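Presented below is the structure to which this report refers.
The values are calculated or read from the model by the stated rules, or taken from the named source; none is laboratory data. Keep in mind that this is a model prediction, so the values were computed, not measured. Positions of Cβ are backbone-derived with ideal geometry, glycine not excepted, and every protein chain shown enters the neighbour counts. Areas reflect the complete protein model, heavy atoms only, side chains present, ligands, DNA and RNA absent. Shrake-Rupley method; radii C 1.70, N 1.55, O 1.52, S 1.80 Å.
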Amino acid sequence: MAEAQELAVKAATSTWDDVRLWGAVAISIFSLVWSERNRRVTEKATIHLRQQTVRLEEFRTGVKAPLVEALKDCDDKALEAEAVARSGQTMKQLSQGIQDLNRSVIQALAKVEARLTDANRSDFANGDNWLDDFDDLQDKILAGFNEASNTVNSDPNRMHALLKVANHLRQLRNVTIQRIDAETKAITTSHIQNKK
């Protein structure tokens, strides 16, 4: 009878050892599978982050920086238009200055238009509608110069037209900067959208 008890104890101990051994094996396998899953998720996130970083840098250097530089010229011209309008001189005295300002604004607008066209063509900027607001504002700016240059108009009307030109130039800058900011935000938050 003692032998039977010993055999029962050994069988129970052996079974318990087997359970612990298989439990350890199962935990090890689960741990390996979990580690591999984590490695793949981390690798995917790292690849996406690299792509996002490259896209953001390309957007900044290829679209944003040149566009902001071109918009700076428009800001300068807005200040000049305001200065001419508030100078206190008659429009007859300022007619050559208005013509020169008109030419320089046209050049500044051409730079902005070229940069917006580049944005439309860029692989790193979404959409091909970067010029949408530009055309309308350009028309308003040029119409303001026509009004300011027209000698039939009174001096106060011509000065007011120059102030409108300055306002439209600033509006062009603001609209474009808002678009740049929205694009930058879209690029930097794309990983959040991809997770949803």
Go through segment 112-132 and give me each residue that's more than 22 Å from Asp75 (Cβ to Cβ) and assigned to a loop (DSSP other than H, G, I, E, B).
Ser122, Asp123, Phe124, Asn126, Gly127, Asp128, Asn129
Return the only residue of Asn146, Asn126, Asn174 being within 25 Å of Gln96 (Cβ to Cβ), open to solvent by 40 Å² or more (accessible area, probe 1.4 Å) and either in contact (Cβ under 8 Å) with a residue 24 or more places away in the chain or not hydrophobic (A, V, I, L, M, F, W, C) (or both).
Asn146
Which of (1) surrounded by 13 or more Cβ atoms within 10 Å (Cβ to Cβ); (2) modelled with pLDDT under 90 is the odd one out, the single condition Thr117 does not satisfy?
(2)
Can you tell me which of Lys140, Lys164, Lys185 is assigned to a helix (DSSP H, G or I), open to solvent by 70 Å² or more (accessible area, probe 1.4 Å) and in contact with a His (Cβ under 6 Å, 6 or more places away or on another chain)?
Lys140
Residue, modelled with the lowest pLDDT, within segment 34-81, restricted to residues that are open to solvent by 50 Å² or more (accessible area, probe 1.4 Å) and among the small types (Gly, Ala, Ser)
Ala45
For the condition surrounded by 13 or more Cβ atoms within 10 Å (Cβ to Cβ) and within 22 Å of the chain's Cα centre (by Cα), what is the one hit in Val112, Val105, Val84?
Val112
Across (1) open to solvent by 10 Å² or more (accessible area, probe 1.4 Å); (2) part of a helix (DSSP H, G or I); (3) β-branched (Val, Ile, Thr), Val152 clears everything bar (2)
